[in-house]
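Enquirer: Shown below is the structure under consideration.
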Amino acid sequence: MKVLLSRFLSRFSLDQSLKATAYEGIDYSGPGGGIGGTAGGIGHDGRVDLHHGSATTFSILEQEEGGFDESDFLKVLRADLGRDIQESGGEIIESEGSSADEFHTKYKEGKIEGHIRISLSRRGKYYTLAADAAERSVQ
């Protein structure tokens, strides 16, 4: 049986998404780095379920006025991910910010339904950005 994975998720890299936002105030020269993995299985009904998790860290530059705007950063990242989904041939079903430090997007690409949740946490001037995605083949 062929395992289905959307083009979006097969190309997704949280590190690359972070760098592609080119958001002002992010320092890419720090310790940073990322980790991630994908796992899946085939159910008794023949449907395929996949899960992807990844995380990356970055620091922020010290700024005089206003500092790093976490809420605006997540809005920009959400728009960029939505564009990535659409450019991969997917359709956005729902996209919203669940809270000030996370958002989720539901999408469909052919016979695959998926969702991705992005969350942001801070410790000092360092941030951890985490992605949790799941996809399921539909019949």
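The values are calculated or read from the model by the stated rules, or taken from the named source; none is laboratory data. Everything quoted here is computed from the prediction, not taken from an experiment. Cβ sites come from the backbone with ideal geometry, for glycine too, and all protein chains shown count toward neighbours.
Enquirer: Quick check: is even one residue across region 99-106 among the small types (G, A, S), assigned to a strand (DSSP E or B) and surrounded by fewer than 18 Cβ atoms within 10 Å (Cβ to Cβ)?
Expert: Yes: one or more hits.
Enquirer: Does any residue in region 4-26 that is assigned to a helix (DSSP H, G or I) come within less than 6 Å, Cβ to Cβ, of a residue that is surrounded by fewer than 18 Cβ atoms within 10 Å (Cβ to Cβ) six or more places away or on a different chain, and which pairs are these?
Expert: Listed by first residue and then by second, the contacts come to R7/S88; R7/G89; F8/S88; T21/V76; T21/D80.
Enquirer: Same structure again: Could you list, in sequence order, the residues of region 78-98 that are touching a residue at least 60 places away in the same chain (Cβ under 8 Å) and either buried (at least 18 other Cβ atoms within 10 Å of the Cβ) or under 24 Å from V138 (Cβ atoms) (or both)? Quick ask: steps written out before the conclusion?
Expert: Step one: filter region 78-98 for residues touching a residue at least 60 places away in the same chain (Cβ under 8 Å), giving 80-81, 84-85, 88-90.
Within region 78-98, L81, D84, I85, S88, G89, G90 meet the criteria.
Enquirer: Being at pLDDT 90 or above, on the phi < 0 side of the Ramachandran plot and outside any strand (DSSP E or B) narrows it down to one of L120, L81, so name that one.
Expert: When all the criteria are applied, what remains is L81.
Enquirer: Every residue in region 32-56 that is at pLDDT 70 or above, within 13 Å of L18 (Cβ to Cβ) and of a type in the set (G, A, S), please.
Expert: Correct list: G34, G36, S54, A55.
Enquirer: Still on this structure, please answer the following. Tell me the residue from S59, S17, S99 that is at pLDDT below 90, under 11 Å from I118 (Cβ atoms) and not aliphatic (A, V, I, L, M), please.
Expert: After applying the criteria, what remains is S17.
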